[in-house]
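Here is the structure we will look at, set down as structure tokens.
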Amino acid sequence: MNINPKQPTHPSTPPHLGKHSLKDVIQALTSEEKINLVLGTGMAVDALPDDLQGPVVGDVDGRVPGAAGTTVAIPRLSIPALVMADGPAGVRIHPQRDNEPDKTYHCTRFPIASLLASSWDVDLLERVGRAMGNEAREYGIDILLTPALNIHRHPLGGRNFEYYAEDPLLSGQLAAAMVNGVQSQGVGASIKHFVANNHEWNRYSINVKVDQRALREIYLKGFEIAVKASQPWTVMTSYNKLNGTYTSERRDLLTEILRDQWGFTGLVMTDWFGGDDAIAQMNAGNDLLMPGSQKQQQVLQRALVNDELDASTLDTNIENLLRVIQQTPVFKAYQYSDNPDLKTHAAIARTAATEGMVLLHNRAATLPLSPKLTIALFGNSAYQTVAGGSGSGDVNAAYTVSLQQGLAAAGYTSHRALGDDYATFIADQMTELPPQALFRPPPTIAERSVSPQQIETVATQVDMATISIGRYSGEFADRNAENDFYLSGTEKQLIEQVASTFHSRQKKVVVILNVGGVIDTASWRDQVDAILLAWQPGQEAGHAMADLLSGRVNPSGKLTTTFAMTLDDYPSSQNFPGDVLEQTLSKQALLQQSQDDNMKQLFNVEAAEVSYEDSIWVGYRAFSTRKLHTAYPFGFGLSYTTFQYDELQLSDKQFEKELEVKVTITNTGAVAGKEVVQLYITAPQGNLIKPTLELKGFAKTECLAPGASQILRFTLGESDLVSFDPDTDHWVCTPGTYCIHIGASSEDIRLSNNVEKTEETYLPLEEFR
Ligand code: BGC
């Protein structure tokens with residue numbers, strides 16, 4: 001093919017996007033423009049090696065400083081540049097701009113995804129999505145790079161905080177709600193990272209080996225639900241290889257499964273610098289390469305000349321992009337305000353945080369606290385509360401309310417001298433810390449050890465104690481077992497000493513887990529009176545914690561991830577994070593060209609492999625089937641009231657095409673509250689071995705007054721009963737008895753009933769809901 005960049009293939013007056021057909025617009029593009037369109041405009045980070053640097057073409061668009069990426073504009077055809085920003089805890093842009101000393105561009109920092117998920121409340125996620133989408137739109141963003149819905153396969157996954165759950169149904173339905181919320185504001189969402197990107201170690205190169213059944217039932221399933229229920233404008237492919245090939249280079253994944261089987265009609269983009277082979281990516285249906293590099297530009301140009309890349313393939317990729325562009329605010333010339341309603345969004349962030357915190361332990365009704373107590377606040381994170389994780393999931397918010405501030409605002413008095421000591425300690429330590437390196441988590445201060453004498457003195461002067469345990473994690477690194485999943489020696493000592501001193505004076509001790517993911521609780525929980533899993537609750541952290549501690553809000557969050565007794569109990573621990581292989585990678589050579597050590601480490605790529613030998617045995621599927629004892633099971637969470645489950649009714653004894661399930665939930669306690677109710681099935685064993693429990697539905701009651709009841713309804717379709725049979729490449733529904741369970745958690749099944757399925761049925765892939 002002859003490419004002459006100067007010569008458009010369309011005659012005289014050029015067509016305009018929106019006024020003329022996409023075909024005409026595409027025809028009018030020069031080959032050079034076509035290639036530029038499928039590449040972002042690059043990333044201007046000095047430390048990146050030259051080949052990965054922007055600008056690819058013209059200048060990196062400065063419309064929204066700090067946004068993650070931009071596509072190229074072609075004004076003569078009325079094609080505007082798209083601006084994309086992260087997600088998922090809020091909009092990530094620079095809070096300040098050159099030459100505007102008096103104006104700020106802060107965004108609302110919402111709670112992390114794991115907290116939002118623990119609300120089990122699709123309406124809440126949609127509401128948060130609407131607020132985030134609105135903020136994106138008002139700051140001039142066209143695509144918000146959220147939600148992230150990779151499965152919590154292992155607790156040490158460094159980005160689990162950005163993800164929802166260990167269960168695909170829950171992840172998929174929550175992601176769909178988030179997408180619907182964001183997109184209701186006229187900006188696009190991007191579901192990511194497609195697929196099997198479950199940890200950070202060697203993420204740019206790792207080959208993830210997953211069997212077909214686990215792939216369909218666990219790792220693809222959430223994406224499938226989200227695509228079908230919300231039609232996200234974009235899908236972001238993941239960094240990893242899947243069974244030998246980068247996900248961004250797999251046509252079976254991006255075209256056959258995503259588009260042909262699931263009906264996706266939007267745009268597929270890479271994760272930033274993802275994959276290796278730009279031609280393979282184009283051919284696979286990965287329409288846009290982000291953030292775009294000069295190397296990719298050269299490769300694609302050559303490929304077009306040498307006929308290694310078909311012109312019609314490129315046209316299809318561009319068509320997918322243009323279809324999305326036509327829906328965006330920038331295309332519609334939306335006049336954004338740069339002034340979103342941050343106050344209203346802060347209130348939404350606070351409500352959301354209270355809905356997803358989980359009360360894990362509450363001996364002798366320690367919580368809620370009586371009003372106006374004097375409290376000794378132990379733990380750095382009571383003062384330097386962790387609002388969220390780092391990396392692309394970070395948000396430049398105006399403030400974070402600490403636990404100390406939140407309790408003060410709620411009328412509690414914290415022990416002043418202890419607080420002053422922590423403040424001095426934190427300030428001193430801050431001066432010692434190295435500056436935060438690009439894309440890295442903020443350097444953290446190790447927990448302060450408090451002398452037994454000080455604990456003793458403080459205990460005589462207050463009514464009770466809290467101990468805050470804080471954790472940071474973020475992109476680019478997984479968490480550690482020691483001093484992270486397991487508490488550090490100082491933290492253990494602090495809990496032991498505070499608990500024994502306060503208990504000897506009949507005073508209570510409450511632990512607040514200000515964490516982004518699962519941590520050990522089994523080894524110390526018996527020493528304390530209550531544990532609130534506050535997660536990383538966003539900028540309104542302290543207010544939301546105080547809302548629950550004081551009982552202003554009754555806890556209703558439940559776990560979306562199993563808290564095991566030990567790290568080794570997770571089946572995935574056998575293969576986490578994987579093994580290094582002896583191979584040289586082209587990508588490795590490229591990234592090592594950087595002169596910057598931090599950059600080299602961040603982009604560290606070794607040839608590596610992990611085999612998901614745990615297959616479908618992820619989370620509660622494994623724990624329930626193997627009858628493994630947990631610290632706190634999937635679906636678990638306490639309330640300040642109690643609920644009774646009655647009158648489970650199935651619409652039929654035989655399962656034909658659908659089954660209606662009804663249950664009545666009654667608040668039997670003394671205070672108003674909401675209950676998360678879960679529907680699990682136990683499927684009959686056939687050729688495919690079935691987990692003891694699989695979540696097939698969930699609902700949250702409204703806030704029920706004491707004595708009030710609500711009927712919850714669930715509908716099960718045939719596709720809820722199927723398993724993926726890799727031998728026939730079909731979803732199969734085994735005949736036999738299906739047990740329908742209604743539970744308060746995966747270990748607290750309250751009601752069960754059976755339904756019979758007489759015939760074996762196969763669902764072809766396209767018909768699978
Ligand atoms: C992350 C994505 C993010 C992108 C753009 C990547 O490093 O994996 O989740 O959207 O950067 O910031």
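The values are calculated or read from the model by the stated rules, or taken from the named source; none is laboratory data. Bear in mind that the values here come from a model prediction, so they are computed numbers and not experimental data. Ideal geometry is used to build each Cβ from the backbone, glycine not excepted, and the neighbour counts take in all protein chains shown.
Can you list residue pairs whose Cβ atoms sit under 6 Å apart, with the first residue in the stretch 488-503 being in the same structural domain as PHE378 (by TED's automatic domain parsing) and at negative phi and the second being surrounded by fewer than 22 Cβ atoms within 10 Å (Cβ to Cβ) and β-branched (Val, Ile, Thr)? Count only pairs 6 or more apart in sequence or on different chains. From residues that are in the same structural domain as PHE378 (by TED's automatic domain parsing) and at negative phi, the pairs are GLN497/ILE455; VAL498/ILE455; THR501/ILE455.
This table checks each residue for (1) at positive phi; (2) touching a residue at least 12 places away in the same chain (Cβ under 8 Å).
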residue: ARG416; (1), (2): no, no
residue: GLN436; (1), (2): no, no
residue: PHE439; (1), (2): yes, yes
residue: ALA459; (1), (2): no, yes
residue: ALA465; (1), (2): no, yes
residue: ALA481; (1), (2): no, yes
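Here ILE495, ILE469 are screened, and the one residue that is part of a helix (DSSP H, G or I) and of a type in the set (Val, Ile, Thr) is ILE495.
For GLY707, the conditions (1) small (Gly, Ala, Ser); (2) assigned to a loop (DSSP other than H, G, I, E, B); (3) on the phi < 0 side of the Ramachandran plot all hold with the exception of (3). When we screen GLY673, GLY707 for residues that are surrounded by fewer than 20 Cβ atoms within 10 Å (Cβ to Cβ), farther than 18 Å from ASP167 by Cα and small (Gly, Ala, Ser), the only hit is GLY707. Restricting the stretch 335-363 to residues that are hydrophobic (A, V, I, L, M, F, W, C) and out of contact with any strand residue (DSSP E or B) (no Cβ under 7 Å at 6 or more places or on another chain) leaves a set whose member that is surrounded by the most Cβ atoms within 10 Å (Cβ to Cβ) is ALA353. Of all residues in the stretch 372-391, none satisfies being over 30 Å from VAL528 (Cα atoms), within 16 Å of the ligand (Cβ to nearest atom), part of a loop (DSSP other than H, G, I, E, B) and modelled with pLDDT under 95.
Residues that are charged (D, E, K, R), surrounded by fewer than 19 Cβ atoms within 10 Å (Cβ to Cβ) and touching a residue at least 24 places away in the same chain (Cβ under 8 Å) were ranked within the stretch 59-97; the one that is farthest from ILE325 (Cα to Cα) is ARG97. A single member of PRO65, PRO101 is at pLDDT below 95, over 14 Å from the mean Cα position of the chain (by Cα), within 16 Å of the ligand (Cβ to nearest atom) and not β-branched (Val, Ile, Thr), and it is PRO65. Test LEU360 against the criterion of being in contact with a Gly (Cβ under 9 Å, 6 or more places away or on another chain), farther than 23 Å from ASP86 by Cβ and outside any helix (DSSP H, G or I), and give yes or no. Spelling it out, LEU360 is indeed in contact with a Gly (Cβ under 9 Å, 6 or more places away or on another chain), farther than 23 Å from ASP86 by Cβ and outside any helix (DSSP H, G or I). Pick out the one residue from THR424, THR431 that is more than 29 Å from GLU496 (Cβ to Cβ) and not in a loop (DSSP other than H, G, I, E, B). Of THR424, THR431, the one residue that is more than 29 Å from GLU496 (Cβ to Cβ) and not in a loop (DSSP other than H, G, I, E, B) is THR431. Scanning the stretch 149-183 for residues that are out of contact with any Leu (no Cβ under 7 Å at 6 or more places or on another chain), more than 24 Å from PHE476 (Cβ to Cβ) and within 16 Å of the ligand (Cβ to nearest atom) yields a single hit, VAL179. For the stretch 140-157, check the following and say yes or no: at least one residue is over 17 Å from PHE634 (Cα atoms), surrounded by fewer than 24 Cβ atoms within 10 Å (Cβ to Cβ) and at pLDDT 95 or above. Yes, there is a match, as at least one residue in the stretch 140-157 is over 17 Å from PHE634 (Cα atoms), surrounded by fewer than 24 Cβ atoms within 10 Å (Cβ to Cβ) and at pLDDT 95 or above.
Within the set GLN281, GLN231, the sole residue that is more than 15 Å from the ligand (Cβ to nearest atom) and under 30 Å from GLU606 (Cβ atoms) turns out to be GLN281.
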